[in-house]
Amino acid sequence: MKTNKILNTSNDLRWQIGEGFHDKLTEGIYSDAATIAQNSVHKKGDAKRFRFDRSLDKIVTSKIWGFPIMILILSVVLWLTIIGANYPSGLLADLLIGEIYPWLKGIGESLGFSWWLSGFLFDGVYLALAWVIAVMLPPMAIFFPLFTLLEDFGYLPRVAFNLDHLLKKSGAHGKQALTMSMGFGCNAAGVIATRIIDSPRERLIAIITNNFSLCNGRWPTQILIASIFIGALVPENFAGAVSTLAVIAIALLGIFFTFIVSLFLSKTMLKGEVSSFTLELPPYRPPRFWKTIYTSLIDRTLIVLWRACIFAAPAGAVIWLISNVSIGDSNIANWMILHMDGFGLLLGLNGVILLAYIVAIPANEIVIPTILMLTVMSAAITGVGEGNGVMFELESVPATGDILKAGGWTLLTAINLMLFSLLHNPCSTTIYTIYKETKSVKWTTIASILPIILGFTVCFIVTQVWRILA
Amino acid sequence: MTNPVTLLIIFGIVLVLLFILFYPKTGFYWRLQQSYKTDPKILIEDILKKLYHAEDNGTKLSSDHIINSLNSSPKKILETISEMEDKELIRFKKGEIKLSETGMDYALRIIRVHRLWEKYLSEKTGFHKKDWHEIAEKMEHKLDSQQTKQLAINLGNPRFDPHGDPIPTETGEVEQLNGKPLPKFKEGAIGRIIHIEDEPEIIYKQILAEDLHIGSHIHIIEKNKKRIVFHSEGEEFILAPIVANNITISELKKEDISEKDTFRLSNLKEHEHAKIIGISRECRGEIRRRLLDLGFVMNTKIEVDLTSPMRNPRAYLVRDTSIAIRNEQAKFILIEKIKIHAETN
C-alpha cells in the first residue's frame, strides 16, 4: 500500500534525523525570522521609553518595595470594592426588592394568582434573582475593571514574578497569585483566569484551591457576623478594628489553606501532571480605559452574573417550596433542620446553617437572608420577617444579632460560621465553571468535596477544643 | 451532649486509620493491592530481565543469585525457573543460567517497554526522575505488543531512553553504547556524558543530587582512588569512584570540542552578556518546546533583566523581550559568556 510505504519511509527518516530535530527546526525558523526582520523592520529610537520601563520594574520587583507595593495595591482594590459597592447595591436593592417586588405581587393579585403561585414565582424565584443581582453586580462591576486595568497596564505579571518562589514551594505556579487575587473578587472568574497558567499541573492546583480565596459574596457575611459577635467582645471604641482584624484573619487563613492544599495536591493526586514555568514580562503601556471597562464587564462580570442567575432562580424556588410544602405537621425545611441539628451541633453550627448552605449553593450572597428567614421560621419568632420562604435582611445590625441569638447562636457558632463560610463547597456557578474549564468530573468533584471536608474537620476540632476549654 | 474529649479521641483514631490505610505507597490499602499482583508472568519477566542485564555486563548468574536479588520466595523462584526451562526460555550450562534465543527475544521486548515507558514519563508527564524507574517497572508487565507499538509511534520511535540507554527496536536490535565508565578515563580527558545508570537507587540518588546532565561535556581534573574531580558547564563536581562508575562517558576528539567555556544560564550574573549555545538534553517535553518557542535558541544573545525579590525566578532579556524562568530551568540552558566593549558609554 502506498500510505504504508510513506509511513515507513517517514519512520525511517525520523530515526535517521535523530532527537535534535525539533531544536534545529526552531533554530531555523528563528534565524529566518531574524533575517527577514533585519531587512525590513526599522527601529525608531525608543531607548528612552525602555529605560522608564526598567526603572519602574526595578522598583516593583525590588527586595524592599516589591511586597509592600503588592499588598498595598490589593488592599486598595478590595477596599474600593467593598466600600464602593455598598451604595449601588443599596440602590439596586431598593429598586428590585423595594419597588418592583411589591409591584409584581400587585400584578399577581390583580390577575387572581393563587397564594402558592405568587409565592413560588415572586417570593421564591424572583426574590432570589433580585438578591443575587443586587449584591453581586456592583462589587463585580468595580472589582473586575480595576483588576483588568492593572492587568492591561502590565503590573500583574510582575506580581506573579515576585511571588513565584513562595508559590513554588507548595508546588504551585507564580501566576496562581493572580488567580488567587482574582478569586477575592469571584471564584468563578478566578477559575476562568487560570487559563493564563500554561502548565497543566499548576493550573489544576490553581483551579482546585481558588475556592480558598474569600470571594465577594462571602466578605459581607464575614463582616456582618464579625461585627455582631466578635466586635461585641471588646469596648465599643475598638469594636470596628477588632472585627476588621477577625475578617482579615479569615482571609489570611484562606491563603494559608491555599498553600497547604496546593502542597498536598502536588504531592499526591497531581504528582504526574506536567509542570513548567515561563512568564513573559510585557512592557508597560497606558491601559486602554474604555476598552478595558467594556471587555471586563462583558467577559467577566456579565458572564458570571448570567451563570449565577441561571442557578439562583431554581434555588429561590427550592427555598420557597421547602418552607411551604408540609410533610405531616411540619414543613420540609423544619423537618430537615430538626434532623440536621445533631450533626450541626457536633460541628458547632446548627441545622439552620447547614440547610442554608445546602439551598444557597447557587450564591454565597443569599446565605445570610436564607439563614435569617429559616431562623425566624424554625424558632417561631414573631414580629420580624416576611413569612415562610421569603428571604429578608434587616437594616440594623443589632436587630439581626437579636434574631440570631434568639435562634440559639453563641460566639462559638459565629466563629464556626465564619470558618465554614471560608471552607465549604464552591458555589454552583464556580462548580459549573470548574467543569467547563477542566472538562473532568473527577477534578470537579474533588474541587467541590475537598473544601467541605476541610470545613467539617476544622469546625469540629475548633468546637470540641472550645468545649473542653470552656 | 457527648463528651468533647471522647469525640476528639474517636476523630483522632479515624484519622490515624485513614493514614495507615492510604498513606502513599506504604499504606495498607496499596500494599494489599500490590500483593495481588505476584502472578507468575511478572516473575518470569523479572528473571528474564536479570539474565539479560547479566549477559550484557558479562557476569554469570546462578539460581542462587536470582533468589537473592528478587523479592519473592525461593520456592516460587525455583519453580518458575524450572517452568522457564520447560518453555525453553532458558538453558542451564554448568550451573549457570543462560537465555535461549526465545528468552532473549522475550527479555528484549520487556526492556523495550520499560525504556519506552521511561521515555514517555520524561516527555509527557511531570513525574520526577527518581520515580521513573519504579513506575516503568510496573508498566513493563502490562503493555501488549500492539500498545507498545502505538506508544513508540506516539513518541516518534525514540532511540534512547532518558538515561541514555538504547531502546531495543521492534525486531530486537539494540544499539551499542560506545563509551566507558567515567573512572576508566585519565586526568585531562574530555568527554560527553552519554548514559547515567538508574540502578541501584542509592547511587542514582547521589548522582541526581549532583545535578549532572546527560549530554553535557566534562573535563576530568583530578583522579585518584578516593575521588574524581571534573568540570562541566562551568561547575566543579566531585564524585566517589563507585558513584562515577555508573556514569558512561564517550571520549571526544580535539576537533569535536566546541563547548570549552560553557556555563549554565543560572550562573550568569547581572550586567554580563552571553550567547546561547543550546538547551541541555535533560530538559525535555513540554518545557523544552516552550523554551525553544520563546526564543531560547542557539546564537541568541541573552542578559539578565530582572531578579525577583527572592532571587528566583529571574527574568532574562531575549530578543528584546523580558522572559522570566526559574533557576531550575535556567540551569538547562547553556551559554557562552561574551564581552561587550562598545556599549560602556
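The values are calculated or read from the model by the stated rules, or taken from the named source; none is laboratory data. Fair warning: this is a prediction, and the values are worked out from it, not measured in the lab. When we count neighbours, we look across all protein chains shown, and the Cβ atoms used for this are built from the backbone with ideal geometry, even at glycine. Note: accessible area is taken over every heavy atom of the protein model, side chains too, but ligands, DNA and RNA are not part of it. Shrake-Rupley method; radii C 1.70, N 1.55, O 1.52, S 1.80 Å.
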Whole-number percent relative contact order across chain B, with pairs defined as alpha carbons under 8 Å at least 6 apart: 11
Cβ-placed point charges (K, R +1; D, E -1), dipole of the protein assembly as shown about Cα centre in debye, nearest 20: 1620
Within region B:40-99: Cβ-based charge dipole about Cα centre, in debye rounded to nearest 20 (Lys, Arg +1; Asp, Glu -1): 100
Unit charges at the beta carbon, dipole of chain A: most positive-side option, A:ILE260, A:LEU233, A:GLY351: A:ILE260
Prolate/oblate/rounded call for region A:263-357, Cα gyration tensor, a/c under 1.5 rounded: oblate
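Stokes-Einstein diffusion coefficient for region B:262-344 at 10 °C in a medium of 1.306 mPa s, Rh from the Kirkwood formula over Cα pairs: what value in µm²/s?
125
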Between region B:76-154 and region A:400-467, the Cα center-to-center distance that results, in Å: 49
Chain A: angle of helix A:2-17 to the longest principal axis, Cα-based, in degrees nearest 10: 80
Averaged over A:152-164, number of beta-carbon atoms from partner chains that fall within 10 Å: 3
Chain B: DSSP helices with Cα axial extent of at least 15 Å and average Kyte-Doolittle hydropathy no lower than 0.5: B:4-22
Simple label model, 7 Å out from Cα along Cβ direction - A:ASN11 to B:ASP64, nm: 4.6
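According to the square roots a ≥ b ≥ c of the eigenvalues of the Cα gyration tensor, what is the shape class of the protein assembly as shown, taking rounded for a/c under 1.5, prolate for a/b larger than b/c otherwise, and oblate for the remainder? Write out the running numbers ahead of the final one.
Values: a/c = 2.43, a/b = 1.61, b/c = 1.51.
The shape class here is prolate.
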Size of electric dipole in chain B: Cβ of Lys, Arg +1 and of Asp, Glu -1, about Cα centre, debye, nearest 20: 400
Label-point separation, B:ARG91 to A:ILE64 (7 Å along Cα→Cβ), nm: 8.1
Per-residue mean of C-beta atoms belonging to partner chains within 10 Å, peptide A:30-42: 2
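Based on DSSP loop calls and a cut-off of at most 15 other Cβ atoms within 10 Å, the longest stretch of chain A free of exposed trypsin sites (Lys or Arg not before Pro) is what?
It works out to A:289-438.
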Whole-number percent relative contact order across region B:271-321, with pairs defined as alpha carbons under 8 Å at least 6 apart: 37
Solvent-accessible area, 1.4 Å probe, carbon plus sulfur percent, for region A:182-273: 72
Estimated FRET transfer efficiency when R0 is 56 angstrom, pair A:TRP115-A:ILE293 (beta carbons, to 0.05): 0.80
Three-way shape call for chain B based on the alpha-carbon gyration tensor, with the a/c threshold at 1.5: oblate
Translational D in µm²/s for region A:311-469 (Stokes-Einstein at 10 °C, 1.306 mPa s, Kirkwood Rh from C-alpha pairs): 97
A:VAL462-A:GLU395 pseudo-label distance in nm [points 7 Å out on the Cα-to-Cβ vector]: 3.2
Loop-located trypsin sites (Lys or Arg not before Pro) in region B:172-208 whose Cβ has at most 12 other Cβ within 10 Å (DSSP): B:LYS186
Between 0 and 90°, nearest 10: helix A:367-378 axis offset from chain A longest Cα axis: 20
Mean accessible surface per residue for region B:262-344, computed with a 1.4 Å probe while every protein chain stays in place, in Å²: 42
Shielded residues, region A:439-470 - accessible-area loss of 20 Å² or more between chain alone and all protein chains, probe 1.4 Å: A:THR457, A:PHE460, A:ILE461, A:GLN464, A:ARG467, A:ILE468
Distance from region B:163-181 to region A:257-308 (C-alpha centre basis), Å: 45
Calculated FRET value between B:GLU55 and A:LYS405, using beta carbons and R₀ = 51 Å, to 0.05: 0.05
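Listed highest first by mean packing, meaning other Cβ atoms within 10 Å per residue, what order do A:371-378, A:183-190 come in?
Details: A:371-378: 24.8, A:183-190: 27.9.
Packing proxy ranking, top to bottom: A:183-190, A:371-378.
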Estimated [θ] at 222 nm from DSSP helical runs (n ≥ 4, -39500 (n - 2.57)) normalised by residues in the protein assembly as shown, nearest 500: -18000 deg cm²/dmol
Protection proxy ranking, peptides B:104-114, B:86-96, average beta carbon neighbours within 10 Å, highest first: B:104-114, B:86-96
Solvent-accessible heavy-atom area per residue, rounded to whole Å², over region A:141-255 at 1.4 Å: 29
Of B:SER69, B:LEU21, B:SER280, farthest towards positive along the dipole that unit charges on Lys, Arg, Asp, Glu beta carbons give chain B: B:LEU21
Length-normalised contact order for chain A - Cα pairs under 8 Å, 6+ apart - percent: 17
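Could you pull out the GluC sites (Glu not before Pro) across region B:162-220 that fall in loop regions by DSSP (anything but H, G, I, E, B) with no more than 16 other Cβ atoms inside 10 Å?
For GluC sites (Glu not before Pro) across region B:162-220 that sit outside H, G, I, E and B with at most 16 neighbouring Cβ atoms in 10 Å, the list reads B:GLU170, B:GLU173, B:GLU175, B:GLU187, B:GLU197.
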Delta accessible area of at least 30 Å² on complex formation, residues of region B:113-128, 1.4 Å probe, chain isolated as reference: B:GLY126, B:PHE127
Positive-end residue, the protein assembly as shown charge dipole about Cα centroid, Cβ charges, pick of A:LEU92, B:TYR52, A:GLY401: B:TYR52
Average beta-carbon neighbours from other chains, 10 Å sphere, peptide B:7-15: 2
